[in-house]
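Sharing a structure below in structure tokens format, with a few things to ask.
Just so you know, all these numbers are worked out from the coordinates, no wet-lab data involved. Please read these numbers as outputs of a predicted model, since none were measured by experiment. We place every Cβ from the backbone using ideal geometry, glycine too, and count neighbours over all the protein chains shown.
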Amino acid sequence: MYAARGATAAFRAALLGLLGLLVAASLASPAFAQDYPNKPIRIIVPFTAGGAADVLVRLIAQGLTQRWGQSVVVDNRAGANGVVGTEVVAHSAPDGYTLLMGSVGTHAINAGLYKNLPYDPVKDFAPIAIIGTTPNVFVIHSSLPARSVAEFIRYAKEHPDTITYATAGNGSSQHLSMVLFASMAGIKLVHVPYKGAAAAVPDLITGTVKTSMTGLTTAMPYVRTGQLRAIGVTTKERSAGLPDVPTIAEAGVPGYESVNWLGMFAPAGTPPQIVKKLNLAIVDITHINPAIKTRMAPDGFYFNRMTPEETGAYIDSESKKWKAIIDKIGLRAQ
């Protein structure tokens with residue numbers, strides 16, 4: 001009898017102790033967020049260096065370092081359409097010190113593309129912000145006898161299954177942009193996947209592959225020198241970076257649209273106070289820092305002001321949109 005009472009008392013003491021720890025943790029969370037960051041932050045970019053995501057995240061990392069006085073390190077972990085680096089962050093500690101520069105590929109396309117995706121774009125992440133959107137630009141090598149989207153479609157119909165196009169990999173936004181275009185235009189092209197958009201550039205400028213829908217950041221230097229010819233952009237409206245280049249929709253494929261976006265994410269379970277602090281800092285940096293606007297705006301990058309909640313809702317709508325497209329064309333990752 002006394003043993004039973006002793007056990008009950010011990011259980012109550014243990015329970016009270018656990019409750020005390022939980023209360024202390026909840027009270028400490030705002031203080032923890034206020035103290036954040038007190039050590040270096042790592043931002044994983046799941047793509048190769050040189051692309052829009054890499055350029056943008058390095059500018060943001062510099063701004064965060066100046067703002068908080070803590071080192072912000074960029075870590076490129078490319079592979080499998082962003083799956084490799086994204087999975088690393090999904091399984092990292094939810095403390096705000098390992099972040100992800102995600103994209104339409106990692107958080108909207110991959111869920112419909114891969115049967116066994118090793119992370120859940122919704123459940124495994126705390127959305128911080130959709131930083132901005134950018135179009136892909138339709139570029140062709142100067143050896144192709146086409147100077148417009150309409151001329152390209154006509155030439156492709158006369159030469160089916162002979163024109164090669166480069167992408168950043170199977171299921172990337174560049175890949176789906178071109179697949180959607182080819183489907184709507186009624187043409188057949190040959191896909192040549194690379195390990196990242198920048199990796200495809202040498203073969204594009206030599207004409208080893210003839211065309212691509214790639215980011216403006218990647219294409220612009222070669223468009224300016226005339227090594228590549230820009231014939232269309234993938235958004236509904238023309239890009240500020242290429243104001244004289246028509247949209248694909250107005251140039252011959254009505255209704256066509258494909259938008260690439262970049263966003264910041266933390267592992268699921270990251271304290272909301274830290275997520276909010278990161279959101280406010282990133283939005284602040286991208287809208288106030290003239291260096292970022294100067295570097296990204298001419299390349300067609302439009303900066304957003306999304307809250308974490310708005311970011312989550314946007315990702316949900318984008319996932320549904322791209323899944324419907326992927327299912328319609330029957331595309332699956334190899």
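Which whole-Hz ³J(HN,Hα) couplings does segment 57-70 yield from phi under the Karplus relation 6.51 cos²θ - 1.76 cosθ + 1.60, θ = phi - 60°, glycine and proline marked x?
5, 5, 5, 5, 4, 5, x, 5, 4, 5, 6, 10, x, 10
About its Cα centre, what dipole magnitude does the chain give when the only charges are +1 on Lys and Arg Cβ and -1 on Asp and Glu Cβ, stated in debye to the nearest 20?
Result for the chain is approximately 220 debye, rounded to the nearest 20.
Non-local amide H neighbours of N76 (under 5 Å, H modeled in plane, Pro and chain starts lacking H): which ones?
V45
OK, next. What would the Debye formula give as log10 I(q)/I(0) at q = 0.10, 0.13, 0.14 Å⁻¹ for the alpha-carbon point model of the chain, no solvent?
For the chain, the Cα-only Debye profile gives -0.60, -0.94, -1.06.
Using 1/(1 + (r/R0)^6) with R0 = 45 angstrom and r between the beta carbons of Q34 and K195, what's the FRET efficiency to the nearest 0.05?
Calculated transfer efficiency: 0.65.
Another question, then. ³J(HN,Hα) across segment 103-110 via Karplus (A = 6.51, B = -1.76, C = 1.60, θ = phi - 60°), whole Hz, x for Gly/Pro?
8, 4, x, 5, 10, 9, 7, 4
Report D for segment 194-264 in µm² per second (integer): Stokes-Einstein, Kirkwood Rh on Cα pairs, 4 °C, 1.567 mPa s.
99 µm²/s
Would you list the P(r) distribution for segment 197-334, with all Cα-Cα distances sorted into 5 Å bins from 0 and each bin expressed as a whole %?
2, 8, 13, 15, 17, 18, 13, 8, 4, 1, 0
Let me ask you something else. Once you wrap a convex hull around the alpha carbon atoms of segment 109-239, what is its projected area averaged over all directions, in nm²?
With every direction weighted equally, the projected area is 9.1 nm².
Given R₀ = 30 Å, FRET efficiency for A49-D161 by Cβ-Cβ distance, to 0.05?
0.35
OK, next. Dipole size in debye (nearest 20) for segment 135-233 around its Cα centre, Lys and Arg Cβ +1, Asp and Glu Cβ -1?
120 debye
For the pairs K195/K328; K188/K320; K236/K277; K39/K323; K210/K328; K188/K321, note any where the Cα-Cα span goes beyond 29 Å.
K236/K277; K39/K323
On a full-extension model of 0.36 nm per residue, what is the gain between V73 and D95, subtracting their alpha-carbon distance, rounded to one decimal in nm?
6.3 nm
How large is the helix-only mean residue ellipticity at 222 nm for the chain, computed as the sum of -39500 (n - 2.57) over DSSP H runs with n ≥ 4, divided by its residue count, in deg cm²/dmol to the nearest 500?
-14500 deg cm²/dmol
Would you pull out the residues with amide H under 5 Å of G215's amide H, same chain only if 5 or more places away, H placed 1.01 Å from N?
Those qualifying (amide H under 5 Å, at least 5 residues apart or on another chain) are V137.
So if I place +1 on the C-beta of Lys and Arg and -1 on the C-beta of Asp and Glu, and nothing else carries charge, what would the dipole magnitude of segment 33-128 be about its Cα centre? I want it in debye, nearest 20.
120 debye
For segment 267-310 and segment 138-209, compute the distance between their C-alpha centroids and round to whole Å.
When both Cα centres are located, 32 Å separates them.
Pull up all non-local amide H partners of G263: gap of 5 or more, or a different chain, and H-to-H distance under 5 Å with H placed in the peptide plane.
Residues meeting the amide H criterion: G102, S103, I131.
Looking at segment 135-233, send over the antiparallel percent of its DSSP beta bridges, to the nearest 5.
60 percent
Still on this structure, please answer the following. Going through segment 219-261, which GluC sites (Glu not before Pro) have at most 12 other Cβ atoms within 10 Å and a DSSP loop state?
Sites meeting the loop and neighbour criteria: E237.
From the C-alpha coordinates alone, can you work out the Kirkwood hydrodynamic radius of segment 75-151, in Å?
14.9 Å
Set Lys and Arg Cβ to +1 and Asp and Glu Cβ to -1, take the dipole of segment 135-233 about its Cα centre, and tell me which of T164, G186, T225 lies farthest positive.
Comparing the listed Cα positions along the dipole, T225 ranks first.
Could you tell me the calculated FRET efficiency between H287 and I329, based on Cβ-Cβ distance and R0 = 22 angstrom, to the nearest 0.05?
0.05
If you take the charge dipole of segment 42-99 about its Cα centre, with +1 on Lys and Arg Cβ and -1 on Asp and Glu Cβ, which of G96, T86, Q62 is farthest toward its positive end?
Q62
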